[in-house]
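Engineer: Before I ask anything, let me first share the structure, which is written out below as structure tokens.
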Amino acid sequence: MADTEKFRLRRFVERLVQMGECEVREQPIDLVDVAGVLDGNPRATHLRAAGPERAELVGNVMGSRRRLAIALDTDETGLLPTLAKRLSHPHKPVKVSAKDAPVQEVVLTGKDADLCALPIHLQHSEDGAPYISASLDFSVFPATGYTNVGCRRMMLRGSHNAGIDLIAPSDLRVIYLDAVARREKLPIAFAVGSHPADFMAAVSATQPTDEFEVMGAVRGASVPIVKCVSNDVHVPADAEYVIEGFLDANGHTEPEGPFGEYVGYYGVVKTNPVFHLTAITRRKDALFQTVTIGGRHLARTDTAQVTTVKTESAAWAALVTSVREPLAVYATPSSGGMYNVRVSLRQRVPGEARNAIAAVFGSMAEAKHVFVFDEDIDVFSDEQVDWAMATRCQGDRDMIVAGGFRVVPLDPSLAGARTGAKVGFDCTIPFGKRAALEWGIPAPPVLPQRARTKSVVDSLAEEPASFLELMAAAGSRDGREIVRELDALYATNRLARNESGRYVLKNGGAT
Ligand SMILES: Cc1cc2nc3c(=O)[nH]c(=O)nc-3n(C[C@H](O)[C@H](O)[C@H](O)COP(=O)(O)O)c2cc1C
């Protein structure tokens, strides 16, 4: 029997609570106050009594890299390698019957299915209406029968209708426009309340495959799926809620938005398709989910963190074919998880840093500023990155600035332009210069364990030595007695320094 508990959102949230990553609020909360509790909150929040129905609602589940890493049983730096490894092992889904599908424990159709009965809250002050934000969509590629999975928000238009944002290039957009061209409506279903692995799969799956296999890959286990009650689309049987229906055949006709977007600013009203509800199914003790998106605290939003995964996967795929030894990539969540991308690599030949910049430019429209560092820089450390940018980069020599790229129209700095600029910063030490003292990185002295007792003169008679090497040779753990010996040598004009600053004896030490 398929395990329908292991990847249940509620089980993951319980784990986060145990780890101190999720706060639980028992006290009742009005829906209008939900966004305020989540905005900028470093922790996930489980609200046990949201709205007058006292519904259970969880937000910010994926609002940190740590929590995404926990979902894949790894740590922050292991997130991308783990995901990349898992993505190369697809798992076919397993069909389960309706009676074995927890998400169909409660089935509501017709008038009983009501979007306004769900705890859907207004997320930002200028939003066009409350949005369902944690909605993973499932639809079918007609030519292959494969299921497409994405993540798309839904703006409530009433109890049975919602606007969906389908402007950006995507598989769902292609599937829908084909249906519209045939004057057909498109059956679709949305899961609300999903394990983070499912979100990561939804944004990572870009090849035309059965994306349930990608979801299985990211989970590391087959996804139990069940046919919807009101159409032929399949959905994860272990989701918390499923919202079934269709996009009508009218195409992009209705206003949707404004909405506090994932670039941190409002997106304006767009003309978008309309979703029509046919059924809501759910677990008996279903846990509704909301995700954080726009605003000042992008780094703590679910959306930026999940987008980080998408950007890094795309950048990594491009890097492994363009440079010999890429080491790490990090799309900063504070840039929306996409605009600022940091790469570290071990340069084997001159120019590889620039190749890396070019590769990341092309890997995703969203990648806008690319920073490339040597292997000694931890791309996850703002301090180290700032230092390397300040000291290893010359603006007139190490920057690549180019325009005319495909970009994300939501970027307000484009001022309406359809194409935009990308900038690369080569913050690597000039090739072949790593060993030079001026690129050496000062660190506290470490004496070799073995103590010896050579005088300064005897040491220097053998070879030039640095101050620390003289201390080591003399077995000194103080240093000042070495200075005294040097003093005597200076006084008798027997001491000099070579180019690297090492002490040498003049004339072999003869007085
Ligand atoms: C939380 C979240 C919400 C998203 N909402 C939308 C959306 O409303 N419209 C959209 O076009 N893309 C949205 N995206 C991005 C798409 O889900 C993503 O591009 C996905 O890969 C599209 O899948 P598809 O090409 O298989 O259809 C969202 C991503 C996340 C993480």
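Engineer: Under a straight-distance cross-link criterion of Cα-Cα below 14 Å, which aspartates and glutamates are reachable from residue 284, leaving out those fewer than 8 residues away in the same chain?
Structural biologist: Of all the aspartates and glutamates, those that pass the test against residue 284 - Cα under 14 Å, at least 8 places apart if same chain - are 5, 56, 100, 105, 238, 240.
Engineer: If packing is taken as the mean number of other Cβ atoms within 10 Å per residue, what is the order of 56-64, 319-327, 282-290, highest first?
Structural biologist: Ranked by mean Cβ neighbours within 10 Å, highest first: 56-64, 282-290, 319-327.
Engineer: Convert 37 °C to kelvin, take the viscosity as 0.692 mPa s, use the Kirkwood radius over C-alpha pairs of region 186-227 as Rh, and evaluate the Stokes-Einstein diffusion coefficient in µm²/s, rounded to a whole number.
Structural biologist: 300
Engineer: Related question: With a/c under 1.5 counting as rounded, go ahead and sort region 9-295 into rounded, prolate or oblate using the C-alpha gyration tensor (a ≥ b ≥ c being the square roots of the eigenvalues; past the cut-off, prolate if a/b is larger than b/c, else oblate).
Structural biologist: It is rounded, given that a/c, with a ≥ b ≥ c, falls under 1.5.
Engineer: Starting from the Cα of residue 92, draw a straight line to each of the lysines and keep only those under 26 Å, dropping any in the same chain fewer than 8 residues away.
Structural biologist: 6, 227, 310
Engineer: Can you tell me the mean projection area, over all orientations, of the convex hull of region 19-136's alpha carbons? Units nm², please.
Structural biologist: If I average the Cα hull's projected area over directions, I get 10.5 nm².
Engineer: OK, next. Ordered by residue, what ³J(HN,Hα) values in Hz, to whole numbers, does region 73-88 give under the Karplus form 6.51 cos²θ - 1.76 cosθ + 1.60, where θ = phi - 60° and Gly and Pro are x?
Structural biologist: Karplus-based 3J(HN,Hα) across region 73-88 equals 6, 9, 10, 4, 6, x, 4, 5, x, 5, 4, 4, 5, 5, 4, 7 Hz.
Engineer: Taking just the alpha-carbon atoms of region 456-509, what radius of gyration and Dmax come out, in angstrom?
Structural biologist: So, for region 456-509, Rg and Dmax equal 10.1, 29 Å respectively.
Engineer: Compare the peptides 35-41, 303-309 by average per-residue count of other Cβ atoms within 10 angstrom and give them in order, highest first.
Structural biologist: In decreasing order of mean packing, 35-41, 303-309 become 303-309, 35-41.
Engineer: Using packing as a proxy for protection, rank 97-108, 402-413 so that the peptide with the highest average count of other Cβ atoms within 10 Å comes first.
Structural biologist: The most tightly packed comes first, giving 97-108, 402-413.
Engineer: Still on this structure, please answer the following. Bins of 10 Å, beginning at zero and ending with the bin holding the largest distance: percent of Cα pairs per bin for the chain, please.
Structural biologist: Result returned by the calculation: 4, 17, 24, 21, 12, 8, 6, 5, 3, 1, 0.
Engineer: Less than 12 Å apart at the alpha-carbon level, and either on another chain or at least 8 residues along: which aspartates and glutamates does that give for residue 185?
Structural biologist: Straight-line reach from residue 185, under 12 Å: 248.
Engineer: Cα axis of helix 9-18 to longest principal axis of the chain: angle in degrees, 0 to 90, nearest 10?
Structural biologist: Between the helix axis and the principal axis of the chain, the angle is about 40 degrees.
Engineer: If we restrict to alpha carbons, what Rg and Dmax does region 160-312 come to, in Å?
Structural biologist: 15.9, 43
Engineer: Going out from 0 in 5 Å bins, what whole percent of all Cα-Cα distances in region 302-433 drops into each bin?
Structural biologist: 2, 12, 22, 24, 21, 12, 5, 1, 0
Engineer: Amide H to amide H under 5 Å from residue 272: which residues, 5+ apart in sequence or cross-chain, H placed 1.01 Å off N in plane?
Structural biologist: Distant-sequence amide H within range of residue 272: 253, 254, 256.
Values quoted throughout were computed directly from the atomic coordinates according to the rules given, and no laboratory measurement underlies them. Since the model is a prediction, treat every value here as computed from it, not as a measurement. Glycine also receives a Cβ, built like all others from the backbone with ideal geometry; neighbour counts cover every protein chain displayed.
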